[in-house]
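Visitor: Quick one: this structure, given as structure tokens, is what I'll be asking you about.
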Amino acid sequence: MSGTPAAPTPLTQLFALYEKAEARAAALAEQAVGSNVFAELLATTATNAMAVAGLANAVVDRGVRLTRVAARADVTGLARQLARTEDKLERLLQEVHELSERLAVPDFPPDDAPSARPARAARSAAARNGATVRSPR
Amino acid sequence: MSTLTGLVGGLVGGLATDAVSLAKGAARLPLDVARTADILLTTDRAVIGATPRDVVWTHRKTTLYRYRSTQRRHAVPVLLVFALINRPEIFDLRPGSSFVEFLLAEGFDVFLVDWGVPGEEDADMGVAEYVCDELHWAVRETVRASGSPEVSVVGWCIGAALSAMYTALHPDGAVRNLVLLTMPLDTSGSLYRQWVGRPSFDADRVATAHEGVPGPMVDTANKLMKPVTNYLTTKRRLFGQVRQGTANKVAYQAMAKWVADNPRFPQAAFRDWIRLMYKENRLVDGTLTLRGRQVDLGAIRRQAVLVVTAAGDHIAPRAGTLPVLSMVSTEDLTHFDRPGGHIGLMAGSKAKGLIWPDIAGWLAERSRPARTPRAARPARTRTARTPDQTPDRRTP
């Protein structure tokens, strides 16, 4: 129970030395990536790399289209049309919600709720009976 | 020189005196290497985001989820909003270490807006579309599904900035409590600004080539901020833990899988984000406009606001977030500053004890019913999707 710590083994010493070196390298690397030179290099490289990728994409797309197969751009175009349709549906749904809230009719009435009669059906029934129905504003 | 000589001497001496233990260590080395490799190579199998949830609403790639719970106690639901450049599973990383699980256990009704995995067809999705449409609609659907007229919005990283923009644009809207976790606001001192704020970085050209910025490119940029730490130290530490028998395979793999899962940054959103936040720093200047409306954080006066910063955050440095404390007009303003990094703060091993209870406590105090609750709408079958239709990266 002398409390004297055990002497570090050579392997432990080696690991400790490596960790020190790694910490030093990490600090240096962080300093390097924060420099103006690195930032300029990164900005230029990223811009150029994406420009080359764009050119390559265009070439591949043209090649695929020559074989009369839909290329990536065509598929993307179709997907974009679908997305636009979904946008319109969402906005339509919003209008429906606003209208149903104005009419104070639940837009998705539970199946077991006979009192929640759809406004349209109510209007049709009223018209058949010769009555005039106005939607509340 | 003397250190090296001493080390070599010690090594030789140690080899002579402690040959048996050295041989044991050497014999274990292949096994430890194999175990480390096993953890690294099977990371893809890790299960993340496992808490059961239901789809409430979808629009394009955005999905609003509601987590199942039988113990909802608080009147105001919580809507979680994450960044555009990573998946929101970080909120629900793994069983036992999940913020979602924690909130559910605390009695909250938890919703999550998932921006999905945008494709080239989503190139038109800009910051305005995310704030004014997707987030607005997600709040609307949260209100409808929960039956509560108010929600607590918890935004993290870019998600926090989007949430703040949304709340500023709708100061009298449904947001009652706003939690901003490690939010980028004043980017003037950040490394990102050093990289992308300069004129030679052409955000338009970078975003146009692939109609968006591919996820791996964003991932590489993030890792380059601390290259040695990200590419070497984490793996070396894992090896050390394996050797000591303290490696937590499940925890490591869950985080590694999440980190590597980067969706595409949509073209318009990338262009807007770089220009508005890094090149022109407009949010902190109060000159940011979305669809012609000025985003003035000073308009946030009715909401309770909690700002959480991480002392070791190198992505959204603490100093860049703090201006929000003087920008919002609310009287109910709280600031928690905790040790940790941008992600580690909320998803690290200590988060469960260090920050989650504080956030949950803050929310609980402000989640009592205030207005007349509206009737919850029944589930809309229109948006219910079968599992194979649900947007999910694992089943593209």
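The values are calculated or read from the model by the stated rules, or taken from the named source; none is laboratory data. The model shown is predicted, which means the values in this text are computed figures rather than measured ones. As a convention, Cβ positions derive from the backbone with ideal geometry for all residues, glycine included, and neighbour counts pool all protein chains shown. Each accessible area value is taken on the protein alone, full model and side chains, heavy atoms only, with ligands, DNA and RNA left out. Shrake-Rupley method; radii C 1.70, N 1.55, O 1.52, S 1.80 Å.
Visitor: For the range A:32-64, how many residues are of a type outside the set (S, T, N, Q), closer than 18 Å to B:Lys223 by Cβ and either more than 9 Å from every other protein chain (Cβ to nearest Cβ) or part of a helix (DSSP H, G or I) (or both)? Can you show your working first?
Guide: The first filter runs over the range A:32-64 and keeps only residues of a type outside the set (S, T, N, Q), leaving A:32-34, A:37-43, A:46, A:49-56, A:58-64.
Filter once more, so that each one left must be closer than 18 Å to B:Lys223 by Cβ: A:32-34, A:38-39, A:41-43, A:46, A:49.
From what is left, the residues that are either more than 9 Å from every other protein chain (Cβ to nearest Cβ) or part of a helix (DSSP H, G or I) (or both) are A:32-33, A:38-39, A:41-43, A:46, A:49.
Total satisfying the criteria: 9.
Visitor: Considering each residue of the range B:109-132, count those that are part of a helix (DSSP H, G or I) and modelled with pLDDT of 95 or more, and give that number.
Guide: Selection size over the range B:109-132: 6.
Visitor: (1) crowded, with 24+ Cβ neighbours inside 10 Å; (2) in contact with a Ser or Thr (Cβ under 9 Å, 6 or more places away or on another chain); (3) of a type in the set (Phe, Trp, Tyr): which one isn't true of B:Tyr166, the others all being true?
Guide: Exception for B:Tyr166: condition (2).
Visitor: A follow-up question, please. So is B:Ser200 away from chain A (no Cβ under 14 Å), more than 22 Å from the chain's Cα centre (by Cα) and not aromatic (Phe, Trp, Tyr) or not?
Guide: Numbers: away from chain A (no Cβ under 14 Å): no; more than 22 Å from the chain's Cα centre (by Cα): yes; not aromatic (Phe, Trp, Tyr): yes.
It is false that B:Ser200 is away from chain A (no Cβ under 14 Å), more than 22 Å from the chain's Cα centre (by Cα) and not aromatic (Phe, Trp, Tyr).
Visitor: Shifting gears a bit: Only one of these is in a helix (DSSP H, G or I) and within 7 Å of chain B (Cβ to nearest Cβ): A:Ala29, A:Ala16, A:Ala21. Name it. Quick ask: steps written out before the conclusion?
Guide: Values: A:Ala16 fails: within 7 Å of chain B (Cβ to nearest Cβ); A:Ala21 fails: within 7 Å of chain B (Cβ to nearest Cβ).
Every option except A:Ala29 fails the conditions.
Visitor: When you go through B:Val100, B:Val47 one by one, which is the residue that is away from chain A (no Cβ under 14 Å) and either modelled with pLDDT of 95 or more or assigned to a strand (DSSP E or B) (or both)?
Guide: Values: B:Val47 fails: either modelled with pLDDT of 95 or more or assigned to a strand (DSSP E or B) (or both).
The match here is B:Val100.
Visitor: Could you go through the range B:174-188 and let me know if any residue there is assigned to a helix (DSSP H, G or I) and open to solvent by 50 Å² or more (accessible area, probe 1.4 Å). Step through it out loud before you land on a result.
Guide: Taking the range B:174-188 as the starting set, the residues that turn out to be assigned to a helix (DSSP H, G or I) are none.
Within the range B:174-188 (the criterion being assigned to a helix (DSSP H, G or I) and open to solvent by 50 Å² or more (accessible area, probe 1.4 Å)), the answer is no, since none of the residues qualifies.
Visitor: Here's something else I'd like to know. Could you tell me whether A:Arg84 is at the interface with chain B (Cβ under 8 Å from one of its Cβ atoms) and under 25 Å from the mean Cα position of the chain (by Cα)? Show your work before the answer.
Guide: Values: at the interface with chain B (Cβ under 8 Å from one of its Cβ atoms): no; under 25 Å from the mean Cα position of the chain (by Cα): yes.
So A:Arg84 does not fit the description; no.
Visitor: Which one of the conditions (1) free of Cβ contacts under 8 Å to residues at least 60 places away in the same chain; (2) open to solvent by less than 10 Å² (accessible area, probe 1.4 Å); (3) out of contact with any Leu (no Cβ under 6 Å at 6 or more places or on another chain); (4) not polar (S, T, N, Q) does B:Arg140 fail to meet, given that it meets all the rest?
Guide: Checking B:Arg140 against (1) free of Cβ contacts under 8 Å to residues at least 60 places away in the same chain; (2) open to solvent by less than 10 Å² (accessible area, probe 1.4 Å); (3) out of contact with any Leu (no Cβ under 6 Å at 6 or more places or on another chain); (4) not polar (S, T, N, Q), the one that fails is (2).
Visitor: A further question on this structure: Restricting to the range B:169-194, give me the number of residues that are touching a residue at least 60 places away in the same chain (Cβ under 8 Å) and either within 14 Å of another protein chain (Cβ to nearest Cβ) or within 20 Å of B:Tyr278 (Cα to Cα) (or both). Outline the logic, then answer.
Guide: Of the range B:169-194, the ones touching a residue at least 60 places away in the same chain (Cβ under 8 Å) are B:169, B:171-172, B:175-193.
Filter again for either within 14 Å of another protein chain (Cβ to nearest Cβ) or within 20 Å of B:Tyr278 (Cα to Cα) (or both), leaving B:180-193.
Within the range B:169-194, residues that are touching a residue at least 60 places away in the same chain (Cβ under 8 Å) and either within 14 Å of another protein chain (Cβ to nearest Cβ) or within 20 Å of B:Tyr278 (Cα to Cα) (or both) number 14.
Visitor: Inspect the range B:73-96 for any residue being modelled with pLDDT of 95 or more, within 13 Å of another protein chain (Cβ to nearest Cβ), more than 22 Å from B:Lys352 (Cβ to Cβ) and open to solvent by less than 50 Å² (accessible area, probe 1.4 Å) and give the result as yes or no.
Guide: Looking for residues that are modelled with pLDDT of 95 or more, within 13 Å of another protein chain (Cβ to nearest Cβ), more than 22 Å from B:Lys352 (Cβ to Cβ) and open to solvent by less than 50 Å² (accessible area, probe 1.4 Å), one finds none in the range B:73-96, hence no.
Visitor: Within the range B:222-283, which helices (runs of 4 or more DSSP H) (wholly inside it) include 3 or more residues that are within 14 Å of chain A (Cβ to nearest Cβ)?
Guide: Values: elements: B:234-244, B:249-259, B:267-273.
Filter on the range B:222-283 gives B:234-244, B:267-273.
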